[in-house]
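Heads up, the thing below is written out as structure tokens.
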Amino acid sequence: MITLEDFNAMCEELYLNGTKLTPETKFRDNDEFDSLIGYAMLMTIQENLNYDMSVKEFLSCHTTKDLYQAATKKH
């Protein structure tokens, strides 16, 4: 399984403007964040953490750490 740091780096790569994320960064606070990046994050979770996260659950997460913890606690 990938680590939180690896997952955070994968999410960071989805931003085209060189945005730096930490596991505690509120990823939606970035001006570049949009539904396409959100969808790409969901696909990253599905492909790398083998978890089908619902949109409702995704919307309840605010940081990449929240996303990672939600996806990995289900295993």
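Each value in this text was obtained by applying a stated rule to the coordinates, not by laboratory testing. Here the structure is a predicted model, which is why all the values come from computation and not from measurement. Cβ sites come from the backbone with ideal geometry, for glycine too, and all protein chains shown count toward neighbours.
Annotations for the structure displayed:
- Options GLU5, GLU32, GLU24; residue that is part of a helix (DSSP H, G or I), farther than 16 Å from LYS73 by Cα and acidic (Asp, Glu): GLU5
- Counted residues, the stretch 38-68 - those being without any contact (Cβ under 8 Å) to a residue 40 or more places away in the chain, closer than 17 Å to ASP6 by Cα and either among the hydroxyl-bearing types (Ser, Thr, Tyr) or assigned to a helix (DSSP H, G or I) (or both): 10
- Qualifying residue in the stretch 13-20 (condition: free of Cβ contacts under 8 Å to residues at least 24 places away in the same chain, acidic (Asp, Glu) and in a helix (DSSP H, G or I)): no
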